[in-house]
């Protein structure tokens, strides 16, 4: 029963991580694009829209990298971590 709750929590945490990653990428791109568009409309130039898009892309990848960097520090995959924990709980190898 406890393992089922733990698995559900892991799945929920993974889903939240994916959603957060998407938001961290989409929001800077959209905000910088909209800001660049409004500046372009005021100054009658399309260059600021392109500059806004590029700045948004750079900001999005920077934010995504900072978020993923925490997970890149651990060389073990989630499956390896789970197997290691199971071996520590049951050192004889019997289930």
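The values are calculated or read from the model by the stated rules, or taken from the named source; none is laboratory data. Nothing here was measured: the structure is a model prediction, and the numbers come from that model. Note that each Cβ is placed from the backbone with ideal geometry, even for glycine, and that neighbours are counted across all protein chains shown.
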Residues of the range 21-39 being surrounded by 12 or more Cβ atoms within 10 Å (Cβ to Cβ) and closer than 30 Å to residue 82 by Cβ, which ones?
-> 21, 24, 25
Complete set of residues in the range 40-76 that are loosely packed, with under 10 Cβ neighbours inside 10 Å and either modelled with pLDDT of 75 or more or not in a helix (DSSP H, G or I) (or both) = 42, 44, 69, 70, 73, 75
